[in-house]
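Beneath this line is the structure, given in structure tokens, with notes to follow.
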Amino acid sequence: MLIPARMSEAEEQRWVTVMLDKLAAQESKRVLGDAELSERAERLSAQYFDGRARPTSVRWVTNQNTRWGSCTPSEGSIRLSHRLQGMPEYVVDYVLLHELAHLLVPGHGPRFWRLLEAYPRTERAKGYLEGVVAAERLPHPPGARDE
Ligand SMILES: [Zn+2]
């Protein structure tokens, strides 16, 4: 770190604290790694499904552009699209929970959605993702480039 000259010790201490806070803020915005994603899935399963959904692997994939997440129940593996990276936490959590629920219930019948009702932000997250899809389908504003 470059510390401006002629700071008193107290000023210096305060400046270091401010810089560390800034670094911590950046840190919290960075993308979760696969290990953290697994931990998060474990926590969500414990919180909402009594820990019954136990994935063997949870990871990001970049080859999934039409689905937000997918899972292979026979293997217990869950994959999330990298397109979710940078979206709000509650949206990523919803997609994780959705795939975790598929480890317990295949398909999207009433039993499946009853599981997801436990998560208070299911509707909001679904709305967010629908909004993203709708926005991508919108034509670019006419003449936006030459105006
Ligand atoms: Zn599904």
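Here's the yes/no breakdown for (1) out of contact with any Cys (no Cβ under 7 Å at 6 or more places or on another chain); (2) under 21 Å from P55 (Cβ atoms); (3) of a type in the set (S, T, N, Q):
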residue: P73; (1), (2), (3): yes, yes, no
residue: S77; (1), (2), (3): no, yes, yes
residue: L80; (1), (2), (3): yes, yes, no
residue: R83; (1), (2), (3): yes, yes, no
residue: V95; (1), (2), (3): yes, yes, no
residue: A118; (1), (2), (3): yes, yes, no
residue: A134; (1), (2), (3): yes, no, no
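Tally the residues that are more than 11 Å from the ligand (Cβ to nearest atom) and either in contact with an Asp or Glu (Cβ under 8 Å, 6 or more places away or on another chain) or acidic (D, E) (or both), restricting the search to the stretch 80-118. Within the stretch 80-118, residues that are more than 11 Å from the ligand (Cβ to nearest atom) and either in contact with an Asp or Glu (Cβ under 8 Å, 6 or more places away or on another chain) or acidic (D, E) (or both) number 4. Every test in (1) more than 13 Å from the ligand (Cβ to nearest atom); (2) buried (at least 20 other Cβ atoms within 10 Å of the Cβ); (3) not hydrophobic (A, V, I, L, M, F, W, C) is passed by G69 save one, and that test is (1). Selection of helices (runs of 4 or more DSSP H) fully inside the stretch 8-114 by the criterion of at least 2 residues being at pLDDT below 85 returns 9-29.
The values are calculated or read from the model by the stated rules, or taken from the named source; none is laboratory data. Computed from a prediction, not measured in an experiment: that's the story for all the values here. Counting neighbours? That spans all protein chains shown, and the Cβs are built from the backbone with ideal geometry, glycine included.
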